[in-house]
Amino acid sequence: MHGRQRVSAALWTALVVATALVAGPMAGESRADFILTGNQHLDVTTSHLTGTLGLDNATLDAGETSSVDIQSGGSVTNVYAYDYTTVDFTGGSSTYTRAYDLATVNMSSGSCSYVYLFNEAVMYLSDGTAGRIQPQASADGVIVNMSGGSTTRLMTAVATTGTVTANLSGGTVGRLYVENPKFAANIYTDDYTLGAGLSVVGNRLYGTGLLTGKWLSGEAMSVLLYAYGDPDGPGGPLEIANNATVLLVPEPATMALLGLGLVGLVSRRRRN
């Protein structure tokens with residue numbers, strides 16, 4: 001089942017429906033809002049208030065595969081993506097992007113202030129800036145793949161009870177929140193420095209603090225592990241920092257050797 005959290009206000013819904021009736025079923029740049037259904041595609045090069053892809057109903061529709069490309073000069077204040085739809089950022093911007101069901105968000109350039117991921121949505125960040133990436137309470141199977149770009153915060157909603165996985169192989173993470181036990185992060189590096197407050201047992205990272213070094217690609221790495229809470233009170237950062245599973249993943253060849261038990265042949269560059 002793919003439950004939905006409805007976030008659209010009645011006024012916004014009425015506006016979108018009215019606009020769709022005037023503009024017709026095909027997407028166009030001349031209207032302030034757009035609705036894409038079926039397998040429609042829209043290149044956004046101007047400003048829009050709201051864009052919706054797919055159908056906001058209680059069932060997952062495999063026929064809803066529409067896509068939008070927010071290009072340089074284009075902007076959409078609010079984006080809602082449902083079903084199997086795709087939102088691409090290739091130079092443009094959005095304030096809020098919400099991806100539900102099995103929708104996909106691809107960012108290769110451009111920016112979005114807030115990316116909210118629901119259900120089993122997936123995000124790929126290879127370049128550009130995602131201010132905050134946050135799987136929501138209904139997330140269960142959400143995946144964030146980050147190979148470049150930057151985000152100020154990668155965090156799960158406090159009420160999230162489903163699984164969330166982040167695969168980090170490049171870019172800069174301002175804060176990686178590590179208090180949710182349903183959250184797992186794989187950090188692809190074998191050349192790193194542990195900041196104050198961090199420790200490693202096997203390949204699992206514990207605590208809070210700044211992790212620096214190099215990604216497997218050789219590019220500079222910076223990830224700040226962070227947790228909410230009053231440092232001096234119950235449930236403070238030191239008590240909840242290890243709830244999430246954060247793993248340091250070395251190069252594939254190293255993993256293969258470890259799998260064969262040839263630990264003595266593996267040289268890892270670890271600096272504390």
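The values are calculated or read from the model by the stated rules, or taken from the named source; none is laboratory data. None of these values were measured; they are calculated from a predicted model. Don't worry about glycine lacking a Cβ; one is built from the backbone with ideal geometry, like all the others, and counts go over all protein chains shown.
Go through the stretch 154-179 and count every residue that is touching a residue at least 40 places away in the same chain (Cβ under 8 Å) and under 11 Å from VAL246 (Cα atoms).
Going through the stretch 154-179 one residue at a time, the tally reaches 5.
Which condition number does MET107 fail, the rest of (1) over 19 Å from VAL44 (Cβ atoms); (2) at pLDDT 95 or above; (3) in contact with a Gly (Cβ under 6 Å, 6 or more places away or on another chain) being met?
Looking at each condition in turn, MET107 falls short on (1).
Residues that are crowded, with 20+ Cβ neighbours inside 10 Å: which strands (runs of 3 or more DSSP E) entirely in the stretch 112-205 hold 3 or more of them? It would help to see each step written out before you state the result.
Details: elements: 122-125, 129-135, 142-154, 164-177, 183-188, 191-194, 198-201.
By residue number, 129-135, 142-154, 164-177, 183-188.
Return the pair list, or none, for Cβ contacts closer than 9 Å from residues in the stretch 197-215 that are over 16 Å from VAL249 (Cα atoms) to residues that are β-branched (Val, Ile, Thr) and part of a strand (DSSP E or B), at least 6 apart or on different chains.
From residues that are over 16 Å from VAL249 (Cα atoms), the pairs are LEU210/THR193; LEU210/VAL223.
Looking at the stretch 87-102 only, could you name the residues that are in contact (Cβ under 8 Å) with a residue 40 or more places away in the chain and among the hydroxyl-bearing types (Ser, Thr, Tyr)?
Keep residues of the stretch 87-102 that are in contact (Cβ under 8 Å) with a residue 40 or more places away in the chain, which gives 92, 98, 100-102.
Passing the criteria: only TYR100.
Restricting the first residue to the stretch 56-79 and requiring it to be under 20 Å from ASN119 (Cα atoms), which pairs with a second residue that is basic (Lys, Arg) meet a Cβ separation below 9 Å and a spacing of at least six or different chains?
If the second residue must be basic (Lys, Arg), the pairs left are ASP56/ARG4; ASP56/ARG6; ASN57/ARG4; ALA58/ARG4; ASN78/ARG98; VAL79/ARG98.
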